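Peer 1: Handing you a structure now.
The values are calculated or read from the model by the stated rules, or taken from the named source; none is laboratory data. Note that the structure is predicted; figures quoted are calculated from it, not measured. Please note: Cβ atoms are built from the backbone with ideal geometry, for glycine as well, and neighbour counts cover all protein chains shown. SASA here: full protein model, heavy atoms, side chains in, ligands and nucleic acids out. Shrake-Rupley method; radii C 1.70, N 1.55, O 1.52, S 1.80 Å.
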Amino acid sequence: MTRAVCVSGSGTGIGKTYVSSVLIRQLKAKGQAPRALKPVMSGFDPDALDESDAGQLIQALGQTLDDDTLAAMAPWRFEAALAPDMAAVREGRSLSFDEVVAFCRRQLVRRDEITLIEAVGGVMAPMAQNRLCTDFARALDLPVLLVVGSYLGTISHTLTAVAALKAEGLPLIGVVISESEDSPVPLAETQAAIVHQLRKIPVISLPRLPIARWQEQPDLTVLLSESI
């Protein structure tokens with residue numbers, strides 16, 4: 001049985017890759033062999049592979065970061081830091097939504113380990129051919145792990161993202177608050193406010209720590225244990 005989750009966000013630059021990297025390391029520490037995909041990636045600098053989203057995920061998995069592992073993780077890479085469909089146009093390339101979905105499905109066939117598939121931008125971000133990230137999660141029949149920030153205004157953005165997922169009929173397994181830089185509100189207060197609004201949805205907050213200190217972070221694997 002395939003066990004997979006779509007990691008999405010309330011916006012771009014929220015911390016999806018950081019959260020995914022922590023979760024991968026925690027799963028490995030518990031003896032599991034997680035997999036990860038970042039099928040579409042924009043804002044890609046070929047001279048800074050280790051800093052790219054896919055590069056960080058590859059390092060979290062303990063794999064060698066090279067052209068082969070990068071291609072297997074993120075086949076569609078664009079240098080412009082734009083929505084993928086816009087980046088593709090700028091580079092004179094095409095991006096097929098169906099091809100992206102088909103690629104992910106091939107990776108999920110007869111896999112019993114947990115696979116994290118990191119989407120682009122926020123839940124309503126366009127991916128390709130007028131299809132959104134919500135369409136992507138639905139096409140793969142995946143539950144969503146929502147990553148949000150702790151910046152001023154995040155409560156509204158979080159509730160909007162949750163409402164969008166609910167309207168699209170996408171199951172939400174939990175919310176992870178990735179602490180924003182220079183957040184004006186203590187992380188615990190932001191978490192309490194979001195918990196009050198979401199009530200039955202699990203909410204975990206991650207302090208802003210270097211990835212090397214991942215062992216100090218709260219256990220994110222509990223969000224997966226009974227959901228996928």
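Peer 1: Quick one: among 43, 174, 149, which has the greatest mean-square fluctuation in a GNM of the chain with alpha-carbon springs under 10 angstrom?
Peer 2: 43
Peer 1: For the stretch 1-55, run through the trypsin sites (Lys or Arg not before Pro) and keep only the ones in DSSP coil with at most 16 other Cβ atoms within 10 Å of their Cβ.
Peer 2: Details: sites: 3, 16, 25, 28, 30, 35; in loops: 30.
Taking the stretch 1-55 and a limit of 16 other Cβ atoms within 10 Å, the loop trypsin sites (Lys or Arg not before Pro) found are 30.
Peer 1: Calculated FRET efficiency, residue 12 and residue 98, Cβ-Cβ r, R0 30 Å, to nearest 0.05?
Peer 2: Numbers: r = 24 Å, r/R0 = 0.79.
The formula returns an efficiency of 0.80 here.
Peer 1: Sticking with this one: Check each of the trypsin sites (Lys or Arg not before Pro) in the stretch 159-228 and keep only those in coil by DSSP with at most 11 other C-beta atoms within 10 angstrom; list them in order.
Peer 2: Details: sites: 166, 199, 200, 208, 213; in loops: 199, 200, 208.
Within the stretch 159-228, the qualifying trypsin sites (Lys or Arg not before Pro) (loop, at most 11 other Cβ atoms within 10 Å) are 199, 200.
Peer 1: Right, here's the next one. So, with +1 on the Cβ of K and R and -1 on the Cβ of D and E, and no other charges, what is the size of the charge dipole of the chain about its Cα centre, to the nearest 20 debye?
Peer 2: Details: 21 positive and 26 negative charges, 167 e Å.
In total the dipole reaches around 800 debye.
Peer 1: For the stretch 109-163, just the Cα set please: Rg and Dmax, both in angstrom.
Peer 2: 13.1, 43
Peer 1: Where both residues lie in the chain, what percent of DSSP beta bridges are antiparallel, nearest 5? Please report the intermediate quantities before stating the final value.
Peer 2: On the way: 2 of 25 bridges.
Of those bridges, close to 10 percent are antiparallel.
Peer 1: Next up: Just add up the charged neighbours of residue 28: K/R +1, D/E -1, any other residue whose Cβ is under 12 Å from the Cβ of residue 28. Can you show the working numbers first?
Peer 2: Working: positive: 25, 30, 35; negative: 113.
Charge balance near residue 28 sits at +2.
Peer 1: Give me the distance between the Cα centres of the stretch 140-179 and the stretch 12-65, rounded to whole Å.
Peer 2: Comparing the Cα centres of the stretch 140-179 and the stretch 12-65, I get a distance of 20 Å.
Peer 1: Now, a different point. Using the heavy atoms of the protein chains alone and a 1.4 angstrom probe, what is the accessible area of the chain per residue in square angstrom?
Peer 2: On the way: 10780 Å² over 228 residues.
The answer is 47 Å² per residue.
Peer 1: Can you find, among 46, 223, 204, the residue farthest towards the positive end of the dipole of the chain? Put +1 on the C-beta of Lys and Arg, -1 on that of Asp and Glu.
Peer 2: With unit charges placed on the Cβ atoms, the residue in question is 223.
Peer 1: Counting only protein heavy atoms, what percent of the accessible surface of the stretch 43-187 is carbon or sulfur at a 1.4 Å probe?
Peer 2: Numbers: 3260 of 6840 Å².
Here carbon and sulfur together make up 48 percent of the probe-accessible area.
Peer 1: Place +1 on the Cβ of every Lys and Arg and -1 on the Cβ of every Asp and Glu in the chain, take the dipole about the Cα centre, and give the residue among 126, 80, 64 whose Cα lies farthest towards its positive end.
Peer 2: Projecting each Cα onto the dipole axis, the largest value belongs to 126.
Peer 1: For the stretch 103-228, give the share of DSSP beta bridges that are antiparallel, in percent and rounded to the nearest 5; count only bridges with both residues there.
Peer 2: Values: 2 of 11 bridges.
Among the beta bridges of the stretch 103-228, antiparallel pairing accounts for roughly 20 percent.
Peer 1: Trypsin sites (Lys or Arg not before Pro), restricted to the stretch 86-116: which are DSSP loop and have at most 14 other Cβ atoms within 10 Å? Show your work: numbers first, answer last.
Peer 2: Values: sites: 90, 93, 105, 106, 110, 111; in loops: 93, 110, 111.
The qualifying sites are 93, 110, 111.
Peer 1: Tell me which residues come under 5 Å, amide H to amide H, from residue 114 once H is placed; ignore anything under 5 positions away on its chain.
Peer 2: 33, 35
Peer 1: Going Cα to Cα from residue 30, which lysines come in below 25 Å? Please leave out same-chain ones fewer than 8 positions away.
Peer 2: 16, 38
Peer 1: Dipole magnitude of the stretch 1-82 about its Cα centre, charges +1 at Lys/Arg Cβ and -1 at Asp/Glu Cβ only, in debye to the nearest 20?
Peer 2: Working: 8 positive and 9 negative charges, 145 e Å.
It works out to roughly 700 debye.
Peer 1: Follow-up question, since we're still on this one. For Cα extents along the principal axes in Å, pick the label among (i) 70, 38, 32; (ii) 45, 38, 36; (iii) 53, 41, 37 that corresponds to the value derived from the coordinates.
Peer 2: The listed entry that was calculated here is (ii).
Peer 1: What are the residues whose amide H is under 5 Å from the amide H of residue 80, where those residues sit 5 or more places off or on another chain and H is modelled from the backbone?
Peer 2: HN-HN under 5 Å from residue 80: 43, 44.
Peer 1: Quick one: net charge of residue 213's neighbours, Cβ under 15 Å, K/R +1, D/E -1?
Peer 2: Net charge in that neighbourhood comes out at -1.
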